[in-house]
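Following: one structure in structure tokens, then a few remarks.
The values are calculated or read from the model by the stated rules, or taken from the named source; none is laboratory data. Computed from a prediction, not measured in an experiment: that's the story for all the values here. Methodologically, a virtual Cβ is constructed for each residue, glycine included, from the backbone with ideal geometry; neighbour enumeration extends over all protein chains shown.
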Amino acid sequence: MPEHPETTLSTAGFGEGPITLGAEFETYIVDDKGDVAPINDQILSDVNDPQFQHELNKFKLEYNLSPVPARGAPFTKMQREADKALAKSSQAAALHNARIVPIGILPTLSIDNFQAENMTDIGRYHMLYKGLHKLRGEAFKVNINGDDPIQMESDHVTLEGANTPFQIHLRIEPEKFAESFNAAQLVTPLAIALSANSPILLGHRLWQETRVALFKQSIDSRLRGNVEWRQPSRVSFGHGWMRQSAYEPFAETVALYAPIIPMLSNQKPLAALTADFPPNLDELNLHMGTTWPWNRAVYSSSDEGHLRIEMRSIPSGPTTLDMMGNAAFFIGLTMALRVVYLTSCPQCRSALPNIISIGRRKMA
């Protein structure tokens, strides 16, 4: 974390501009029997499109939608692009007798799908696994209640790859960030309740949106009872309301969690404040990428610098129309509640968090 990083956020002109939306969605690759097909390298080679990316497991793909202005019909534009991306990847998959399936958790998964050899062979995934496993010191344990409770252990982070999200990005001006982030926190449990599509994991009927519990437990690097201070999970619903600015979640993440990917940038952030503004803050962004709150603050130096709220809780699929409908609800209610928060009386604002206290405890 550079010294005085709040200087960047408070620099005149930083983050100004219209509200925009972006998204990234993950998909499974399955064979003609509906079982996973670990061929993401082959499909990426065939599509030859930088907006498609690897995912943690070889049977997954990610597509990054182009940012669009929030004004007008943003979700229609995003759906059209998503449809084209699915068609393109489906055509490439068909060459290998495979199909592309957007779904929160694939119902046909088996435990054999999560062996180490199914992890995508990329350096950052290897470093992520080594870092989390070193902190943990033993197998990751999953214990989820439901109609058919499941208890299991996994020596690898590949089990996290069962989770397939549709992640929405909301670019927002710095001075509006805190209230917008708090509004997103309020809306998240409601959005999950409406979009849930992942009730089955490895043949077990569990939560309506099992990703909530699975994501947290499958990469939980903490050892219970090992230390007096109980460190928060890297997958969480946050640690309180944002009070003033976006500086708070960045500083909180740096203070609470040790870095697990030891990479350094050549840029000197303080020098970049005057010589090459805005600074890249590569180390900060890398570190933020090794924690997974359901709503995450994102700093970017692109487009003269800006901030985004990454809403990570919505599942992928089952259709692009479902994803865009869920996104429209999530974004629309977030922006509406932000306005209510700003225009309501202090007593009303203090009462808003009680609306979703039960949902918040569920996701904590």
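From G13, G22, which residue is crowded, with 16+ Cβ neighbours inside 10 Å, under 28 Å from A272 (Cβ atoms) and not aliphatic (A, V, I, L, M)?
G22
Which of the numbered conditions does P249 fail, given that it passes all the others? Conditions: (1) out of contact with any strand residue (DSSP E or B) (no Cβ under 8 Å at 6 or more places or on another chain); (2) within 22 Å of F330 (Cα to Cα).
Of everything listed in (1) out of contact with any strand residue (DSSP E or B) (no Cβ under 8 Å at 6 or more places or on another chain); (2) within 22 Å of F330 (Cα to Cα), P249 misses just condition (1).
Please work out which residue is surrounded by the fewest Cβ atoms within 10 Å (Cβ to Cβ), limiting yourself to the stretch 296-318 and to residues that are in contact with a Gly (Cβ under 7 Å, 6 or more places away or on another chain) and in a strand (DSSP E or B).
Ranking the candidates gives H306 first.
Among the listed residues A213, A251, A255, A178, which satisfies the condition of being closer than 30 Å to R71 by Cα, of a type in the set (A, V, I, L, M, F, W, C), part of a helix (DSSP H, G or I) and out of contact with any His (no Cβ under 7 Å at 6 or more places or on another chain)?
A178
Sort out which residues of the stretch 159-179 are surrounded by fewer than 24 Cβ atoms within 10 Å (Cβ to Cβ) and either over 15 Å from W292 (Cα atoms) or among the aromatic types (F, W, Y) (or both), and write them in order of number.
R171, E173, P174, E175, K176, A178, E179
Got a sec? Which of S300, S316 is touching a strand residue (DSSP E or B) at 6+ places or on another chain (Cβ under 7 Å) and either more than 23 Å from V187 (Cα to Cα) or at pLDDT below 80 (or both)?
S300
Answer yes if at least one residue in the stretch 85-93 is under 21 Å from the mean Cα position of the chain (by Cα) and within 30 Å of G332 (Cβ to Cβ), and no otherwise.
yes
Given the conditions (1) over 24 Å from H126 (Cβ atoms); (2) touching a residue at least 24 places away in the same chain (Cβ under 8 Å); (3) out of contact with any helix residue (DSSP H, G or I) (no Cβ under 7 Å at 6 or more places or on another chain); (4) assigned to a helix (DSSP H, G or I), report the number of the one that V339 does not fulfil.
The one condition V339 does not meet is (2).
Anything in the stretch 100-129 that is touching a residue at least 24 places away in the same chain (Cβ under 8 Å), out of contact with any Lys or Arg (no Cβ under 9 Å at 6 or more places or on another chain) and closer than 27 Å to H287 by Cβ? List them, or say none.
F114, A116, I122, R124, Y125, M127, L128, Y129
Determine if the stretch 17-39 includes at least one residue that is closer than 30 Å to E173 by Cα, modelled with pLDDT under 95 and assigned to a helix (DSSP H, G or I).
no
Quick one: what pairs do we get from the stretch 62-73, first residue over 13 Å from I331 (Cβ atoms) and of a type in the set (D, E), second modelled with pLDDT of 95 or more and in a strand (DSSP E or B), C-beta under 9 Å, 6+ apart or different chains?
The qualifying pairs are E62/E24; E62/F25; E62/E26; E62/T27; E62/F52; E62/Q53; E62/H54.
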